[in-house]
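A short worksheet on the structure shown next.
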Amino acid sequence: FSCIKTWVGAFSSVPFTKQPYCINLTCKVQPDRRDDFVNLIKDNQRLTLHDESEALQYVVGQDVQDETRFYVHEQFTSEQAFFYHKTTPLNANWKAFCATNPFIDSPTVSLYHGTHSPVSVPVRDGAYCVDVT
């Protein structure tokens, strides 16, 4: 997440909560980097959900009016699980991608605890999502 300049929310000092730790990322990529971003983020999605047992959900969406704007939603069983996620090779791939200045504006990230139980949700093809932030 080294390329992110805008964070909404903060890392807490709560050691464990029975609610999922959630991340929303919004970004706008350079048009010529769109395919690179899609390939990277879809690979991250697949590997995170396959390799990280505490990853509950990883949703990737493209804006319906702007093919260069993307929304990513991730949920983990805890804040510690998210910190672990940031130590994986996938995060190194993300940092390397960010180092190439692929974004039109700096991505925005919101961090929060969900008010629901931490339950794994599979990726659903063809789902339509609404961002109400």
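A few notes on this one:
- Extension gain, Asp32 back to Gln80 (0.36 nm per residue minus Cα-Cα distance, nm): 13.8 nm
- Extension gain for Thr87-Asp51 works out to 11.7 nm (0.36 nm per residue, less the C-alpha to C-alpha distance).
- Candidate cross-link partners of Lys86 among the aspartates and glutamates, defined by an alpha-carbon separation under 14 Å and a same-chain spacing of 8 or more, comprise Asp51, Glu52, Glu54, Glu74.
- Accessible area (Å², 1.4 Å probe, nearest 10) - Phe83: 80
The values are calculated or read from the model by the stated rules, or taken from the named source; none is laboratory data. Given the structure is predicted, the values throughout are model-derived calculations rather than measurements. When the accessible area is computed, the model is the full protein with side chains, heavy atoms only, and any ligands, DNA or RNA have been set aside. Shrake-Rupley method; radii C 1.70, N 1.55, O 1.52, S 1.80 Å.
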